[in-house]
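In what follows, a single structure is set out as structure tokens and then discussed.
The values are calculated or read from the model by the stated rules, or taken from the named source; none is laboratory data. Bear in mind that the values here come from a model prediction, so they are computed numbers and not experimental data. Glycine gets a Cβ as well: all are built from the backbone with ideal geometry, and neighbour counts include every protein chain shown.
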Amino acid sequence: MAAAIGLRGDYQVSDVRDLARASRDANQVRRLLTLAVIYEGGTRSDAARVGGVGLQTVRDWVLRFNAAGPDGLIDGVPPGGVPLLDNAQRRALADVVESGPIPASHGVVRWRLIDLAQWVWDEFAISISKQTLSRELRAMGYRKLSARPRHHAQGVDAIATFKKTSPPSWRRSARRSRAAHA
């Protein structure tokens, strides 16, 4: 069996426990308390029991602590996926959305997400889903707007004719006489 990896010498048990007490990150606290067991002279198995993990995980925590100190025990944010569109492609998409479709060349009279996805494929050969394209457009400040439908045979004066002008629903109640109240 290989020898255990030693912990940094610039920390003591009290230092590690003080760091754990001051931390607001629950995972970092658990890791620091696990390492405190090792600083106190406990075995790696005892430390693994305190931390609720296996020996390999304790070893990984020791390596992270030795390399970066207490900050090395904080969970990092994963980088996420690589965006499909770069800044130049986003600008071109914004220009197309702003200018609107040309029915003769684009074959549509208004942009839908599926039409814009097809345009992105035609221009950049990037396959993008409607959901991803919607997320990109929302990040660029665009929102889905649709016009209120209107019947083709609707008369100009029809709206004013059928518009209801009801009196307000609230009214001041009549004053009661003191005699009726008594």
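One line per residue, one yes/no per condition, for (1) of a type outside the set (A, V, I, L, M, F, W, C); (2) under 30 Å from Ser146 (Cβ atoms); (3) within 29 Å of the chain's Cα centre (by Cα); (4) part of a helix (DSSP H, G or I):
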| position | (1), (2), (3), (4) |
| --- | --- |
| Val77 | no, no, yes, no |
| Leu85 | no, yes, yes, no |
| Ala94 | no, yes, yes, yes |
| Val97 | no, yes, yes, yes |
Filter result for Val13 (over 32 Å from the mean Cα position of the chain (by Cα) and without any contact (Cβ under 8 Å) to a residue 24 or more places away in the chain) | no
Can you find even one residue in the range 20-35 that is among the acidic types (Asp, Glu), surrounded by 15 or more Cβ atoms within 10 Å (Cβ to Cβ) and outside the structural domain of His106 (by TED's automatic domain parsing)?
-> no
Among the residues of the range 146-165, is any modelled with pLDDT under 90, within 30 Å of the chain's Cα centre (by Cα) and of a type in the set (A, V, I, L, M)?
-> yes
Test result for Asn66, farther than 30 Å from Ile126 by Cα and in contact with a Lys or Arg (Cβ under 7 Å, 6 or more places away or on another chain) | yes
Of these, Arg91, Arg59, Arg44, which one is within 30 Å of Met140 (Cα to Cα) and among the basic types (Lys, Arg)?
-> Arg91
Looking for whichever is assigned to a helix (DSSP H, G or I), touching a residue at least 24 places away in the same chain (Cβ under 8 Å) and exposed (fewer than 15 other Cβ atoms within 10 Å of the Cβ) here; the options are Leu137, Leu63. Which one fits?
-> Leu63
Could you tell me whether Gly76 is at pLDDT below 95 and touching a helix residue (DSSP H, G or I) at 6+ places or on another chain (Cβ under 7 Å)?
-> no
